Structures are given as structure tokens and as C-alpha cells.
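Just below is one structure, and these are the notes that go with it.
The values are calculated or read from the model by the stated rules, or taken from the named source; none is laboratory data. Please read all numbers here as calculations on a predicted model, not as lab measurements. Virtual Cβ from ideal backbone geometry, glycine too; neighbours counted across all protein chains shown.
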Amino acid sequence: MALFAPQAIEGYITAGNYNYLVALDQGQLVGVLGVRDNRHLVHLFVAEPYQRRGIARTLWYRAKSEALAAEAEVEISVRSSVYATAVYERFGFAVCGPRVEDVGVTYVPMRQVIRRGDC
């Protein structure tokens, strides 16, 4: 899908209002997390051989920390794939609306309010 192509992600990174965190293993990219305006999680991917090792959780905790460095309370949203909903629930997100199909993409809207001191 074009939204996830390297050129599209490069555009997000250079846009200025996106923050990207990466996980590397011996210089190889194995995970990425992108947040727009410290309020919307836009990308969270971990390479399949590296899944179930806590990489996504580590990236998420770092993103939360960075969001809370700017504000004492932040509401963060995510459009979760149907398959990732359980992962986001373990991270503290809650479903906040029905499943949506838009331009061939299906997602579940989720949100979480985070506060300093809760992490």
C-alpha cells in the first residue's frame, strides 16, 4: 500500500510534525514507531522475526515518555488494524468506535489518555 511505502514514510519524517523512533539490531532496522503531533500513533511495525520480544512495547513506552515530556496529560489515538487491537489493548488503549472501512483500509479506532506519573 502506498501509505506505507518508504517514500511515503520519508515524507512523514521530513514533514516536521511527526516523530519516528526506530529499533535496530546490529545496524539493521527491526522496528519503527511514528507519532503525529504527539497525539496520533500512525505507524508501529516490528519485523516478523523480531516480534514477541518486547520491541513494540519498548518503542511505545519511549513514545509515551516523549509525549509526556511536552505535556502533563496527552490523549493519543490510533487506527488499529483488526489484528493488532489486542496488542494495543495490552498497551492501555481502548476501542472508542466501531470498525471502519475507508479507501480499502479497515481499522478500529482506539485511544488512551496518558498522564505524567502513570508510566
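Would you point out which residue out of 78, 74 is in contact with a His (Cβ under 8 Å, 6 or more places away or on another chain), assigned to a strand (DSSP E or B), of a type outside the set (S, T, N, Q) and modelled with pLDDT of 90 or more? Step through it out loud before you land on a result.
Values: 74 fails: in contact with a His (Cβ under 8 Å, 6 or more places away or on another chain).
When all the criteria are applied, what remains is 78.
Against the definition (part of a loop (DSSP other than H, G, I, E, B) and modelled with pLDDT of 90 or more), how does residue 53 come out, yes or no?
On the way: part of a loop (DSSP other than H, G, I, E, B): yes; modelled with pLDDT of 90 or more: yes.
Criteria met by residue 53.
Based on what the data block shows, is residue 36 within 17 Å of the chain's Cα centre (by Cα), at pLDDT 90 or above and either over 21 Å from residue 77 (Cα atoms) or of a type in the set (Phe, Trp, Tyr) (or both)?
Details: within 17 Å of the chain's Cα centre (by Cα): yes; at pLDDT 90 or above: yes; either over 21 Å from residue 77 (Cα atoms) or of a type in the set (Phe, Trp, Tyr) (or both): no.
Judged against the criteria, residue 36 is not a match.
Which one is surrounded by the fewest Cβ atoms within 10 Å (Cβ to Cβ) among residues in region 102-119 that are part of a loop (DSSP other than H, G, I, E, B) and of a type in the set (D, E, K, R)? Break it down stepwise before answering.
Within region 102-119, the subset part of a loop (DSSP other than H, G, I, E, B) is 103-104, 116-119.
Still in the list and also of a type in the set (D, E, K, R): 116, 118.
Values: 116: 13, 118: 10.
The residue in question is 118.
Is it the case, given these coordinates, that residue 87 is part of a helix (DSSP H, G or I) and in contact with a strand residue (DSSP E or B) (Cβ under 9 Å, 6 or more places away or on another chain)? Show your work before the answer.
Working: part of a helix (DSSP H, G or I): yes; in contact with a strand residue (DSSP E or B) (Cβ under 9 Å, 6 or more places away or on another chain): yes.
Taking the combined requirement at face value, the residue satisfies it.
Being of a type in the set (A, V, I, L, M), farther than 22 Å from residue 48 by Cα and within 15 Å of the chain's Cα centre (by Cα) is the filter here, so list the residues in region 69-94 that pass it.
Going through region 69-94, the residues of a type in the set (A, V, I, L, M) turn out to be 69-70, 72, 74, 76, 78, 82, 84, 86-87, 94.
Those left that are additionally farther than 22 Å from residue 48 by Cα: 69-70, 72, 74, 76, 94.
Across region 69-94, the qualifying residues are 74, 76, 94.
For region 88-101, state whether one or more residues are surrounded by fewer than 19 Cβ atoms within 10 Å (Cβ to Cβ), hydroxyl-bearing (Ser, Thr, Tyr) and out of contact with any Phe, Trp or Tyr (no Cβ under 6 Å at 6 or more places or on another chain).
no
Of all residues in region 22-44, count the ones that are aliphatic (A, V, I, L, M) and touching a Gly at 6+ places or on another chain (Cβ under 6 Å).
Within region 22-44, residues that are aliphatic (A, V, I, L, M) and touching a Gly at 6+ places or on another chain (Cβ under 6 Å) number 2.
Pairs needed: first member in region 62-91, closer than 15 Å to residue 43 by Cβ; second member anywhere, hydrophobic (A, V, I, L, M, F, W, C) and in a helix (DSSP H, G or I); C-beta distance under 7 Å; at least 6 residues apart or different chains.
The qualifying pairs are 76/67; 87/56; 91/60.
Taking residue 69 as meeting all but one of (1) surrounded by 12 or more Cβ atoms within 10 Å (Cβ to Cβ); (2) closer than 23 Å to residue 16 by Cα, write down the number of the exception.
Checking residue 69 against (1) surrounded by 12 or more Cβ atoms within 10 Å (Cβ to Cβ); (2) closer than 23 Å to residue 16 by Cα, the one that fails is (1).
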